[in-house]
Amino acid sequence: MSRRGGGGRRPDSRRDQPTQARAPSFQRGGGGAAGPRGRGRQGHRGGAGRGSHSGSGAAPSSPHTASTSTEPAPSSPSVSASAPSSSSVSTLVEETEQKLTLAAPAAATLPPSSSRAVRLPVRPGFGTRGRKCVVRANHFMVQLAKRDIHHYDVSIDPEVTSQKINRQIISQLINLYRLTNLGERIPAYDGMKSIYTAGPLPFESKEFIITLPDSDPRPSSSASPGTERQFRVVIRLASQPYVYTLQKFIQVLDVVLRAAPSEKHTVVGRSFFSTDLGPMGQLGDGIEYWRGYFQSLRPTQFGLSLNIDVSASSFYKPILVTEFVQYYCSDLSRPLSDQVRLKVKKALKGIKVVLRHMGYNLSCKITGITSQPMSQVMSVVQYFLEKHKIALQFTSLPALEAGTEERRIYLPMELSRIVEGQRYTKRLNERQVTALLRATCQRPQDREANIQMMARENAYNEDTLVNREFGIQVVDGLTSVNARILPAPMLKYHETGQEASVNPDFGQWNMINKKMFNGGRVEVWTCMNFSTCLNQDVIGFCQRLVDMCNRKGMVFNRRPVIPISSYNPYQIEKALVDVHNKTTQPGKQLQLLIIILPDVRGSYGRIKRVCETELGIVSQCCQPKHASSRNMQYFENVALKINVKVGGRNTVLDDAVQKRIPLVTDRPTIIFGADVTHPQPGEDSSPSIVAVVASMDWPEVTKYRGLVSAQAHNEEIIQDLYKSIQDPQRGLVHGGMIRLVGMEVHIRELLIAFKISTNRKPESIIFYRDGVSEGQFSQVLLHEMNAIRLACASLEEGYAPPVTFVVVQKRHHTRLFPAEHNRRDLTDRSGNILPGTVVDTQICHPTEFDFYLNSHAGIQGTSRPTHYHVLFDENRFTADGLQVLTNNLCYTYARCTRSVSIVPPAYYAHLAAFRARFYIEDETSAGGSTGGTRSTAEGSLAIRPLPVIKDNVKDVMFYC
């Protein structure tokens, strides 16, 4: 970390000093830290009270005393990392699980929803801070009539994997037998194994024989076109009435509401897409987008609501495969190169094609393409000429492969047409993403009108199954919701600037007349130019950038350690090593390397991997087009990034400096952010990437140290938060996201780093966890909270600071609109709701502690509020306390002078995970922060470890 610069900065602060080699003591009183504070009752979590635990020396799930330690600090900073005994750890695990686990249901006949169901904290009350207003949410209230819901199991023989075919079978059954065997009831079918009825059927078990016209005979079948396929359908009573849990009751109603659109449209998760739901558009490379809508039934404080949102998704164009291949290779008369062939194989694998040359539709799923041209593959050309009298034209192209290993089928590309309605799940390129965003970006007023129109056209109240059979009525119109607009926080800059503080307006401000709160110092630096478009401009660019850094409060040496030069863009790694060797001097290390990227994209990830994991260089990359500009705003933004990369702070909350943030500045508090990013679909060999960041300064909470690791493909639960390994030579070795053991990153290291940086051990933990879906709440909380507890206990017996665990959700479909679009006091410049708008009533969870926060100003389109859901809260935040803290933190994001849409610790974790993927993949394979699952096959794959980030790089916010 860099030394402080001049300009009147406080020299006595120890928070900006370089990291020490030895870890400080975590014994009580060590470093002047007070002992952990008491946390009172916790009766609402269904476990023991917060103060109750075994007194046998085990690390408790919470401390049992409200007093602070007054023992004197030890005379030497000896490392204390003694592990608790095995019985202590067992007790700790047991007590943590007891605190999180529900008691058994009162009625023995009702099955539990999970063996480890979690009861989340109840809402501590509603927020009152801020200016009151009304917004409209895309939630449509649902009214229910009393019905006696029954659940029936369905089995179809022969088994069909297509839900579309299953629905056709059950639809045919209802048409034939509704007035007779079904007792005039209309069942709701989920497309798989269950149907639900609003009353009993006249039987408990019955078998039906259903026939469907077979328009798609299998190649192995001897049936001729136009024959019928016969299915044996057995319907058997499963439960009566179906009222085990609210969640399952909602699931039934959701099936009812989805029944009609599932038969008419293409189903993708909880969304429906169709060419009838709006105009299509072209994305290029044989891909188009379809419009559609999302719908989901949710419990709210108002009762049940139907969340409806418009959406769009990419689909394959229903064209001949030869037309699709032309997007990759225009000349089909010549064999494909190996590079093009692999691209085509990856793009086509798994999609369905249909052939119609035999007088009927033959549908096949592509498993691959041949490595040789079709003319060389088992006489395919001759077969189609003799059997079907078709002379194939594009014999230089590979043949499509279908079928199984035992019975492989070869299909000509020119006769195979891509089946309509297949979603394109692979990663869109930058041009396609831009085209999709441009086509679907809608201003708030337009999006609200489209949502209203979509709900109206669905006509739920006119659907016989929904309204008459099940008594469901969807209220017309979006829901009006009470909201509040939280005030922007006062931001503190350096006293030597003309403006030492600023109160942001509409979620944004600028650096005019301001200096960074703590300007970093850069003594040893240079610049490498890999662009062929810039020559003399490079020196001028660097001078302008250095001048900007100095004007904004940094101490930046104007003279580079070696002359600024241009380098061969095709020998990047060699050039980086050469510069590293030239700039390594006794007692001095290159603090910053400015890099102007090559003109051709694709080298950024390689540069970051070499600099951060091999050479230990902190770098700032710049695009050639920006390096030739004289835009002062650009230089200001780069200066902000450079400052935090060399250990400075750009701005801090004035309330943090004045120690006026409850539960944060009144005791040493560490704030974590965590995220897991998963590889794109089709990247089955790539691991998921975990990133955890933690604040290293207190009370300012603006500097975040980051750690990354790899784990099993698509595994969402963080596996390496904490682990201990029994080593034959070293004994019990501690690790986890919270210390480094080999290639794995762990929380223990971050806790120690906080103690070194602040000379105080954390007395409180706030953990913002990104990327978790509602279905994973219990699993994530049980595993990761237990890991945090064990990491703390491994540092000091009985050390268990109170934890608040908050999930950060951006992937949801709730949108908030101004009640009056033309009122300037209710909208920002983009027409969106104002920054700081918070909602914790009506559309939020009936009992749990959650809220929606729109902390940023919209730029284009409709802003998406972030949903924060508290899974664990030993700090006992009030609604106002957590909402104001979260909103204020969003103004401390280091890379710009705008408030951001998600809390910065979670944002930084996402950036760190995104950066780490560059270490093992190229720039075309960046994954996304989506909820993951793990199959047995995937879980058994060897995990490719990440290269280790050098210590001097980890000490700063390298990911910014």
Original post:
List pairs: first in the stretch 375-393 and assigned by the TED database to the domain that holds Leu355, second of a type outside the set (A, V, I, L, M, F, W, C) and modelled with pLDDT under 90, Cβ under 7 Å, 6+ apart or cross-chain?
Top reply: Val381/Ser375; His388/His357; Ile390/His357
Original post:
Can you tell which of Arg705, Arg667 is part of a strand (DSSP E or B) and modelled with pLDDT of 95 or more?
Top reply: Arg705
**OP:** Among residues belonging to the stretch 723-774 that are in a loop (DSSP other than H, G, I, E, B) and within 30 Å of Leu297 (Cβ to Cβ), point out the one that is modelled with the lowest pLDDT.
**Re:** Gly771
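Identify, please: which residue in the stretch 658-694 is polar (S, T, N, Q) and in contact with a helix residue (DSSP H, G or I) (Cβ under 7 Å, 6 or more places away or on another chain) and is, among those, surrounded by the most Cβ atoms within 10 Å (Cβ to Cβ)?
Filtering first and then ranking leaves Thr677.
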Original post:
Ser830 fails exactly one of the following numbered conditions: (1) more than 26 Å from the chain's Cα centre (by Cα); (2) surrounded by fewer than 19 Cβ atoms within 10 Å (Cβ to Cβ). What is the number of that condition?
Top reply: (1)
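Per-residue answers, yes or no, for (1) outside any loop (DSSP other than H, G, I, E, B); (2) farther than 30 Å from Phe203 by Cα:
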{"residue": "Asp254", "(1), (2)": "yes, no"}
{"residue": "Glu263", "(1), (2)": "yes, no"}
{"residue": "Val267", "(1), (2)": "yes, yes"}
{"residue": "Gly278", "(1), (2)": "no, yes"}
{"residue": "Arg291", "(1), (2)": "yes, yes"}
{"residue": "Ser305", "(1), (2)": "yes, yes"}
{"residue": "Ile308", "(1), (2)": "yes, yes"}
{"residue": "Pro318", "(1), (2)": "no, yes"}
{"residue": "Thr322", "(1), (2)": "yes, yes"}
Original post:
In the stretch 844-862, what residues are among the polar types (S, T, N, Q), within 21 Å of the chain's Cα centre (by Cα) and open to solvent by 20 Å² or more (accessible area, probe 1.4 Å)?
Top reply: Thr862
Subject >> Conditions (1) within 27 Å of Ile766 (Cβ to Cβ); (2) of a type outside the set (Gly, Ala, Ser); (3) touching a strand residue (DSSP E or B) at 6+ places or on another chain (Cβ under 9 Å): number failed by Cys611 >> reply: (1)
**OP:** Identify the residue in the stretch 355-412 that is more than 22 Å from Pro335 (Cα to Cα) and touching a Cys at 6+ places or on another chain (Cβ under 8 Å) and, among all such residues, is surrounded by the fewest Cβ atoms within 10 Å (Cβ to Cβ).
**Re:** Gly403
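Which residues, taken from the stretch 325-341, are more than 15 Å from Leu400 (Cβ to Cβ) and not aromatic (Phe, Trp, Tyr)? Please lay out each step first, then the result.
Taking the stretch 325-341 as the starting set, the residues that turn out to be more than 15 Å from Leu400 (Cβ to Cβ) are 326-327, 329-331, 333-335, 337-340.
Correct list: Gln326, Cys329, Ser330, Asp331, Ser333, Arg334, Pro335, Ser337, Asp338, Gln339, Val340.
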Original post:
When you look at Thr180, is it in contact with a helix residue (DSSP H, G or I) (Cβ under 8 Å, 6 or more places away or on another chain), among the polar types (S, T, N, Q) and assigned to a loop (DSSP other than H, G, I, E, B), yes or no?
Top reply: no
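Scan the stretch 578-604 for residues that are buried (at least 19 other Cβ atoms within 10 Å of the Cβ), of a type in the set (Ser, Thr, Tyr) and not in a helix (DSSP H, G or I) and report the count. It would help to see each step written out before you state the result.
First pass over the stretch 578-604, keeping only residues buried (at least 19 other Cβ atoms within 10 Å of the Cβ): 579, 583, 590-598, 603.
Narrowing further to those that are of a type in the set (Ser, Thr, Tyr): 583, 603.
Cutting the leftovers down to not in a helix (DSSP H, G or I) gives us 603.
Final tally of qualifying residues: 1.
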**OP:** Search the stretch 462-493 for residues being touching a strand residue (DSSP E or B) at 6+ places or on another chain (Cβ under 7 Å) and open to solvent by 30 Å² or more (accessible area, probe 1.4 Å), and hand back the single one that is farthest from Asp655 (Cα to Cα).
**Re:** Asn467
Original post:
What are the pairs, 6+ residues apart or on separate chains, where a residue within the stretch 152-169 that is in the same structural domain as Arg185 (by the TED database) and of a type outside the set (Gly, Ala, Ser) has its Cβ under 8 Å from a residue that is surrounded by 12 or more Cβ atoms within 10 Å (Cβ to Cβ) and assigned to a helix (DSSP H, G or I)?
Top reply: Val154/Ile170; Ile156/Asn166; Ile156/Ile169; Val160/Asn166; Val160/Ile169; Gln163/Ser262; Arg167/Ser262; Arg167/Glu263
Subject >> Total residues in the stretch 897-929, condition modelled with pLDDT under 95 and either over 21 Å from Arg427 (Cβ atoms) or touching a His at 6+ places or on another chain (Cβ under 6 Å) (or both) >> reply: 2
Original post:
Does Glu797 meet the test of being open to solvent by 10 Å² or more (accessible area, probe 1.4 Å), within 25 Å of the chain's Cα centre (by Cα) and among the acidic types (Asp, Glu)?
Top reply: no
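Could you please give the count of residues in the stretch 188-214 that are part of a loop (DSSP other than H, G, I, E, B), buried (at least 18 other Cβ atoms within 10 Å of the Cβ) and not charged (D, E, K, R)?
First, the residues of the stretch 188-214 that are part of a loop (DSSP other than H, G, I, E, B): 190-193, 198-204, 214.
Checking the rest, the ones that are also buried (at least 18 other Cβ atoms within 10 Å of the Cβ) come to 190-191, 198, 201.
Still in the list and also not charged (D, E, K, R): 191, 198, 201.
The qualifying residues number 3.
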Original post:
Only one of (1) within 34 Å of the chain's Cα centre (by Cα); (2) open to solvent by 70 Å² or more (accessible area, probe 1.4 Å) fails for Asn518. Which number is that?
Top reply: (2)
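I'd like the full set of residues that are part of a helix (DSSP H, G or I) and open to solvent by 70 Å² or more (accessible area, probe 1.4 Å), limited to the stretch 136-175.
First, the residues of the stretch 136-175 that are part of a helix (DSSP H, G or I): 163-175.
Answer for the stretch 136-175, where residues must be part of a helix (DSSP H, G or I) and open to solvent by 70 Å² or more (accessible area, probe 1.4 Å): Gln163, Lys164, Gln168, Asn175.
The values are calculated or read from the model by the stated rules, or taken from the named source; none is laboratory data. Keep in mind that what you see is a predicted model, and the values were worked out from it rather than measured. When we count neighbours, we look across all protein chains shown, and the Cβ atoms used for this are built from the backbone with ideal geometry, even at glycine. These area figures cover heavy atoms from the full protein model, side chains too; ligands, DNA and RNA do not enter into them. Shrake-Rupley method; radii C 1.70, N 1.55, O 1.52, S 1.80 Å.
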